[in-house]
1. Might you check whether a residue that is within 17 Å of A:F123 (Cβ to Cβ), within 11 Å of DNA strand C (Cβ to nearest atom) and either free of Cβ contacts under 8 Å to residues at least 12 places away in the same chain or surrounded by fewer than 16 Cβ atoms within 10 Å (Cβ to Cβ) (or both) occurs anywhere in the range A:59-82?
2. What are the residues in the range B:83-105 that are more than 8 Å from DNA strand C (Cβ to nearest atom) and in a loop (DSSP other than H, G, I, E, B), if any?
3. Here are some conditions: (1) farther than 25 Å from A:D68 by Cα; (2) surrounded by 17 or more Cβ atoms within 10 Å (Cβ to Cβ); (3) over 18 Å from the mean Cα position of the chain (by Cα). A:N142 meets all but one. Which one does it not meet?
4. Specify the residue that is nearest to the other protein chains (Cβ to nearest Cβ); the eligible residues are those in the range B:145-162 that are small (G, A, S) and surrounded by 17 or more Cβ atoms within 10 Å (Cβ to Cβ).
5. For B:E122, state whether it is acidic (D, E) and buried (at least 18 other Cβ atoms within 10 Å of the Cβ).
6. Based on what the data block shows, is A:V103 over 26 Å from B:T33 (Cβ atoms) and at pLDDT below 95?
7. Would you confirm, using the coordinates I've provided, whether B:R49 is in contact with an Asp or Glu (Cβ under 9 Å, 6 or more places away or on another chain) and open to solvent by 70 Å² or more (accessible area, probe 1.4 Å)?
8. Give the residues of the range B:43-58 that are closer than 21 Å to B:K157 by Cβ and within 12 Å of DNA strand C (Cβ to nearest atom), sorted by residue number.
Protein chains: 2
Amino acid sequence: MTISAIPLDAETNAVEMPDDHRDELRLWLRLLTCSNLIEGEIRRRLRDRFNVTLPRFDLMAQLDKAPDGMTLSDLSKRMMVSNGNLTGLVDRLVASGHIDRRVSETDRRAQMISLTPMGQSEFRTIAGEHENWIAELFGGLNKKDQKDLMRLLAKTKYSARHAVHGDNE
Amino acid sequence: MTISAIPLDAETNAVEMPDDHRDELRLWLRLLTCSNLIEGEIRRRLRDRFNVTLPRFDLMAQLDKAPDGMTLSDLSKRMMVSNGNLTGLVDRLVASGHIDRRVSETDRRAQMISLTPMGQSEFRTIAGEHENWIAELFGGLNKKDQKDLMRLLAKTKYSARHAVHGDNE
DNA sequence: GAAAATTGTTTTAAGCTTAAAATAACCGGG
DNA sequence: CCCGGTTATTTTAAGCTTAAAACAATTTTC
């Protein structure tokens, strides 16, 4: 079967239009808009109501799941940010008394980072509110919408990862 | 009809669980992951292949759609970033010869920003590639998936906007 | 037409972010 | 034990981002 066997369909004015990817572009722009809209509102509320930034909150969320603490490298992988970024973030959270850093007992290069009691208590208060905000922001979607969106985003994530890493990782 | 008329269903162990919003939280985390994954890859490719940042590219994209130029305020609204942010971004793009700024003839406070011929030509090269990257990243979704996702994201956007602005705007 | 409100832009201070280079400690042979 | 490679972290330089304050020009209102 040669290429010429494929019949030309109604859309074959394709001479001046190598590939039309405008739909994908619009999809991406809409995804980005949603993400930015929600993230922006979360940042705003965290700042206004709890005087905390999103990166600080994210870091504390990771630590809350690891009662025994984590190293900077672990945090860096989990949060998908650079090591250097974390150095500064951790410095500021230590300074504000939310987290503790102590040199690992088994590896003098590494530091174990953990929430202070104050940090944990403050985080949990914020996290409770945060969960309500998210529910509010997604309030316009019914359970079926949520399920469908979840599935399509899983597919999107897989698709993007595939394109990013070329199958491996 | 009083509240007591509502029968207790199977899920009513709700005593220790005021509202369960974990599904929405997972949905949000997945949306964020998708967005960050794709945006990160786009940033990386823009930098590696064209030595340009995403904000610069976004700014040029706005200008490309407005041949007669735009003011900083217009750009600020379109791009949804702060004015102060734009001042710096524009400074750097003027310095690199991609855009022009001239005082508005009708309003001495305002400046008209527009692409230089070099800026436009460079932008269009990049934009072509960019569109292909997006198509590649979303390649795992068929047309129906894309249509469904588009619809659900529209709903999400509406829902979030509603929660952000409380109906108005 | 002058005061008041609004609009357009810049400055400032603080924090976030990255890549790349530097430093330091570990680990696995030989 | 020491050499080379790896891993953990920090530093550096540059750019992005914001909110708030400042300033300047325009428009509105009386």
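1. There is no residue in the range A:59-82 that is within 17 Å of A:F123 (Cβ to Cβ), within 11 Å of DNA strand C (Cβ to nearest atom) and either free of Cβ contacts under 8 Å to residues at least 12 places away in the same chain or surrounded by fewer than 16 Cβ atoms within 10 Å (Cβ to Cβ) (or both).
2. Within the range B:83-105, B:S96, B:G97, B:H98, B:E105 meet the criteria.
3. Exception for A:N142: condition (2).
4. Once the filter is applied, the top-ranked residue is B:S159.
5. It is true that B:E122 is acidic (D, E) and buried (at least 18 other Cβ atoms within 10 Å of the Cβ).
6. yes
7. Working: in contact with an Asp or Glu (Cβ under 9 Å, 6 or more places away or on another chain): yes; open to solvent by 70 Å² or more (accessible area, probe 1.4 Å): yes.
Yes.
8. The one that is closer than 21 Å to B:K157 by Cβ and within 12 Å of DNA strand C (Cβ to nearest atom): B:L54.
The values are calculated or read from the model by the stated rules, or taken from the named source; none is laboratory data. Quick caveat: nothing in here was measured; it's all calculated off a predicted structure. Backbone-built Cβ (ideal geometry, glycine too); neighbour counts: all protein chains shown. Just so you know, the surface numbers come from the protein's heavy atoms only, side chains and all, with ligands and any DNA or RNA stripped out. Shrake-Rupley method; radii C 1.70, N 1.55, O 1.52, S 1.80 Å.
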